[in-house]
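The values are calculated or read from the model by the stated rules, or taken from the named source; none is laboratory data. This one's a predicted model, so the numbers in the text were calculated from it and none came from an experiment. Neighbour counts are summed over all protein chains in view; Cβ atoms, including those assigned to glycine, are modelled from backbone coordinates with ideal geometry.
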Ligand code: GDP
């Protein structure tokens, strides 16, 4: 990628897309194509085609997606499946039709079977049943991977797919109904500390294990792989380390300075027991994460604390 190449970041207002924009700008790329949903609805084939015809991007980062935590996913199956499929079909097909030099698709670690061996190797894709709480989203992301592989196989279109682990960082969704666990716990413990609450509730049993990657690291990997990787095989992007939800809760409570009790609401789902990525392929290509979990949580907490209070409850909310 040259610094003047035309680069379309689809989903530039989201957690991932905004981090990719920051990283591209940091590295001196000056010709970014960015569109809000109001300007270009990526679920509309005509709108996407018009955008590619007029802007003629050289490179595409496909980071636009309907995302949400364990509850949002299980409550809105049709929305998660339809919207993600529509965006993938429209953007990947238009990119190929309009001669894009390379497209990078951002997937998710939830594409792997619920009970696959850990750590999750890329070849475990489609070897078993999915975790039911997010299978709709996972099916859409698997379709995105297959679109990239199919367009590469049939048309020689250079499309690559990255599978990031659970991400967090500035710009995350802190809405308690639709967010993922890490921002939810930052908000719960911060509210608990401010209001002097005696107890804070954590969903599930606390025993599931999750791996967390700071979104700035993901963005760095995304730009690196766009420039250094060109193959049909998917690539996991993670840290290679995980933590139980109970330990994560303790860590966040101590970083936030909350000293009350932590109670577990076992009426809420645990989801998959473990979701740890094998990152050996990524390391062989030459990339490794840099931001440790504690450092990353501190920075995200700082960002959250500096938000105006009226925005803190709803920032990033998935409608
Ligand atoms: P997942 O990785 O797809 O399962 O998505 P989440 O990040 O939403 O949930 C991860 C784990 O954290 C699950 O076991 C949840 O039950 C648990 N968890 C604990 N407290 C919370 C919370 O307040 N919000 C969310 N979203 N998950 C929580």
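When restricted to residues that are without any contact (Cβ under 8 Å) to a residue 60 or more places away in the chain and either buried (at least 19 other Cβ atoms within 10 Å of the Cβ) or under 20 Å from the mean Cα position of the chain (by Cα) (or both), the stretch 127-140 contains 5. Given the criterion farther than 30 Å from residue 156 by Cα, over 22 Å from the mean Cα position of the chain (by Cα), in a loop (DSSP other than H, G, I, E, B) and more than 15 Å from the ligand (Cβ to nearest atom), identify the matching residue among 259, 254. One residue alone meets the criteria, 259. Kindly check whether there is at least one residue in the stretch 69-78 that is within 12 Å of the ligand (Cβ to nearest atom), closer than 26 Å to residue 22 by Cα and surrounded by 23 or more Cβ atoms within 10 Å (Cβ to Cβ). Within the stretch 69-78, one or more residues are within 12 Å of the ligand (Cβ to nearest atom), closer than 26 Å to residue 22 by Cα and surrounded by 23 or more Cβ atoms within 10 Å (Cβ to Cβ). Examine the stretch 82-100 for a residue that is within 29 Å of residue 216 (Cβ to Cβ), surrounded by fewer than 17 Cβ atoms within 10 Å (Cβ to Cβ) and in contact (Cβ under 8 Å) with a residue 12 or more places away in the chain, and state whether such a residue exists. No, because not a single residue in the stretch 82-100 is within 29 Å of residue 216 (Cβ to Cβ), surrounded by fewer than 17 Cβ atoms within 10 Å (Cβ to Cβ) and in contact (Cβ under 8 Å) with a residue 12 or more places away in the chain. Among the residues examined, residue 60 qualifies as away from the ligand (no atom under 16 Å from the Cβ) and part of a strand (DSSP E or B).
Going through 213, 218, 185, 167 one at a time, which residue ends up being assigned to a helix (DSSP H, G or I), within 13 Å of the ligand (Cβ to nearest atom) and buried (at least 23 other Cβ atoms within 10 Å of the Cβ)?
On the way: 213 fails: assigned to a helix (DSSP H, G or I); 218 fails: within 13 Å of the ligand (Cβ to nearest atom); 167 fails: assigned to a helix (DSSP H, G or I).
Result of the check over 213, 218, 185, 167: 185.
In this structure, residue 174 does not satisfy being in a helix (DSSP H, G or I), in contact with a helix residue (DSSP H, G or I) (Cβ under 7 Å, 6 or more places away or on another chain), within 12 Å of the ligand (Cβ to nearest atom) and closer than 30 Å to residue 265 by Cβ. Could you tell me whether residue 51 is within 20 Å of residue 215 (Cβ to Cβ), part of a helix (DSSP H, G or I) and away from the ligand (no atom under 16 Å from the Cβ)? Here the answer is no, as residue 51 does not meet what is asked.
Look at the stretch 183-205: where a residue is under 13 Å from residue 249 (Cβ atoms) and at pLDDT below 95, no partner that is part of a helix (DSSP H, G or I) and within 8 Å of the ligand (Cβ to nearest atom) sits 6+ places away or on another chain with Cβ atoms under 9 Å.
When the stretch 92-118 is limited to residues that are touching a helix residue (DSSP H, G or I) at 6+ places or on another chain (Cβ under 6 Å) and assigned to a helix (DSSP H, G or I), the one that is nearest to residue 209 (Cα to Cα) turns out to be 110.
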